[in-house]
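Undergrad: What follows is a structure written as structure tokens; I'll ask about it next.
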Amino acid sequence: MIVHPNIRSAAQQSVETLFSAVAGTMSVVASTADGFAIASRTTDPAQTNRIAAMSSSIAAIGAVAGAETLLGQLKCVTVEFDTGILVVMEVPDIRNPLVLTLVLDQRGLLGNALFHCKQTVKQLADSLAALPRFGA
Amino acid sequence: MEFLTFITCNVSPRDDLLLRSMIRLLNGQSKRHWRPTDHGHADLCFQGAANPNDTSESALAVVAKHRVSLVSGTPGANEIALPLHVGNVLTTLNRVADALAASALNADAPQRAPTPAARAQVEFALVRWPDWSLLQQDSQFLRLATVLASRSADKQGLADRSGVSLECCQRFLTALAKEGLVRAALSEAEPPAPEVGGSPIVKLVAENAESAQASLWSRLRRRLGIGQPTPEARAA
Amino acid sequence: MIERKLLFTGATGAGKTTAIAAISETKMVRTDVPNSDPTVSKALTTVGLDYGEITLDNGEKFRLFGTPGQQRFAFTWPILSRGAIGLIILIDNSAADPLADIVTYARGFQPLIESAACVVGVGRLETHVRPSLDDHSRTLASVGLLCPIIPVDVRQKADVLLLIDILLTQLENKR
């Protein structure tokens, strides 16, 4: 997988910011739409690639559910567990779409997480719009 | 019966020990598993010349489907060279296994006298999926291979389940045997299906499920316009 | 309850989506996204599942599912395997190591293969004759599996139907 260094760099910056901003964050992973991790900050690095692959499937299935039900573009998939929350958001970009994943433990607050995730997605989308496409 | 048997006759104690050790080691590499027997009836007898004058009852009583002689010098057909080499032993075991499979194929059941185990039959199982060139020898071979890959069968059972003629099944099994792709084994005739539960309602539910499944396959075939269902599916 | 579900799997580019599209009567549900893997010459790749349907003459639906092919999506394989009547594995013979691919899917779907039925279709044999079908057969045997293996071009509907015909023949003959 070839990803332009500027994209990696922009994604890593966003990931770091989000990780620090949300209490209870265990992992933040930015990945390509087809499930390759390009930037991450996590308490368990062994999980990074698996989170990237799973998040791309979750985002793709969420997106197709939106299309089938005529509800429009996917914004976010939230999955709640006994002891934490998984938030998957698409970073829209016509050339370099990404998936941003946030994994929270029980200390995390959903509203806070969604607010910061949306901020990060917007910043990252703006950065991507100015960058070259994959493989360039 | 998943293994073949061998016996030694007039073989020196050293070669006897060697043969048994080699064959034990080769089980897993050889096409069939082999076990020694001392009961006088075996699939293969290694015939030595250690004691040519041995006229003991046990030596004379050996009945084997195949005999391979241990010879010094260049071996001919049905001979193996001394000293024994593991590669030669493996080749011999596989050659005899193929010959046994082929002779089982050629056995014409109706013309044979009934054996003591009257319900025993020769069942054939695919060792692995045949090469495409073999399957192209006849338009029915793909279907026969598919049926045989699903479960082992005797020749008649294969013909019944595939709806293909007995002659074509014979040609198919012969072609497989030539490539060492079929394993023949004696098996008891299939026992009647076990009783499902005790209650008539439980039996009825089981029968309905089976019939619904067969009906699903038929519907799918009809919907996609593919092939003819097997005679069994058609009957369901 | 009888499940009415058939699963397609295989490497990226082997033709799973094409095979399902060839026989699905409804517009397929696809989870294709832009491909960023330079070792795969495809613009889009499946990351979730493909889904198509066939309506039987009694009105029942027969469902066709395609899995993502890449190993990193192996977590979806047991999920999609649940309740399937059989598996069609598609191998691209022009891939870097088609024999490794067949082992990956044979092992990845072993429970389904052993409990249901499976057929392997090998594509692009006309341009990539090696490994041969016999090599594929030996490889499957080496992992203890015996499945029908045939050459296919899944762009041809007849080839997809032949795969299903073989699968149904196995199911009809299972003990």
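What follows is calculated from the coordinates using simple rules that are stated; it is not laboratory data. In this text the structure is predicted, and so the values were computed from the model without any measurement. Positions of Cβ are backbone-derived with ideal geometry, glycine not excepted, and every protein chain shown enters the neighbour counts.
Undergrad: Could you derive backbone 3J(HN,Hα) for segment A:44-58 from the dihedral phi with the Karplus parameters 6.51, -1.76 and 1.60 (θ = phi - 60°), listing whole Hz in sequence and x where the residue is Gly or Pro?
TA: Coupling constants for segment A:44-58: 9, x, 5, 7, 3, 5, 5, 4, 4, 5, 5, 5, 5, 5, 4 Hz.
Undergrad: Which ordering of C:160, A:22 is given by a fewest-first count of other beta-carbon atoms within 10 Å?
TA: A:22, C:160
Undergrad: From other protein chains only, count the Cβ atoms within 10 Å of every residue's Cβ in A:56-66, then give the mean.
TA: Taking the mean over all residues of the peptide, I get 5.
Undergrad: Through the Karplus equation 6.51 cos²θ - 1.76 cosθ + 1.60, θ set to phi - 60°, convert the phi angles of segment C:143-152 into ³J(HN,Hα) values in whole Hz; use x for Gly and Pro.
TA: Taking θ as phi minus 60°, the curve returns 9, x, 10, 10, 9, x, 10, 9, x, 9 Hz for segment C:143-152.
Undergrad: Once amide H atoms are placed 1.01 Å from N in the peptide plane, what residues at a sequence separation of 5 or more from residue C:45, or on another chain, have their amide H within under 5 Å of its amide H?
TA: C:33, C:35
Undergrad: Please report the net charge: other residues with Cβ closer than 15 Å to the Cβ of residue A:83, K and R +1, D and E -1.
TA: Summing Lys/Arg as +1 and Asp/Glu as -1 gives -3.
Undergrad: Ok, one more. List the pairs from B:155/C:5; B:155/B:178; B:178/C:174; A:122/C:42; A:75/C:16; B:31/B:65 whose alpha-carbon separation is above 23 Å, in the order I gave them.
TA: From the list (B:155/C:5; B:155/B:178; B:178/C:174; A:122/C:42; A:75/C:16; B:31/B:65), the Cα-Cα distance tops 23 Å for B:155/C:5; B:178/C:174; A:122/C:42; A:75/C:16.
Undergrad: Something else now. Rounded to the nearest 500, what is the 222 nm mean residue ellipticity of chain C from helices alone, with -39500 (n - 2.57) per DSSP H run of 4+ residues and division by all residues?
TA: Helices in chain C give a 222 nm mean residue ellipticity of -9500 deg cm²/dmol.
Undergrad: Moving on to the next point. Collect residues whose amide H, placed 1.01 Å from N in the peptide plane, falls under 5 Å from the amide H of residue B:127; neighbours closer than 5 in sequence don't count.
TA: Amide H neighbours of residue B:127: B:182, B:183.
Undergrad: If amide H atoms are built 1.01 Å from N in the plane of the peptide, which residues on other chains or at least 5 residues away come under 5 Å of the amide H of residue B:35?
TA: Those qualifying (amide H under 5 Å, at least 5 residues apart or on another chain) are B:4, B:5, B:6.
Undergrad: Go ahead and estimate [θ] at 222 nm for chain A from helices alone: -39,500 (n - 2.57) per DSSP H run with n ≥ 4, summed, over the residue count, rounded to 500.
TA: Rounded to the nearest 500, the figure is -14500 deg cm²/dmol.
Undergrad: Order B:127-139, A:25-37 from most to least packed using the mean count of other Cβ atoms within 10 Å.
TA: A:25-37, B:127-139
Undergrad: Then there is this: How much of the DSSP beta bridge set in the protein assembly as shown is antiparallel, as a percent to the nearest 5?
TA: Antiparallel bridges: around 55 percent, rounded to the nearest 5.
Undergrad: Over all pairs of distinct alpha carbons, what does the Kirkwood formula give as the hydrodynamic radius of chain C, in Å?
TA: Computed over chain C, the radius equals 16.1 Å.
Undergrad: Looking only at other chains, what is the average number of their beta-carbon atoms within 10 angstrom of each beta-carbon in A:31-40?
TA: Mean shielding count: 5.
Undergrad: Give me the net charge for the shell around residue C:154: Cβ to Cβ below 11 angstrom, other residues only, Lys and Arg +1, Asp and Glu -1.
TA: Overall, the nearby charge balance is +1.
Undergrad: Work out the mean other chain Cβ neighbour count within 10 Å for the residues of C:27-40 and drop it here as an integer.
TA: 6
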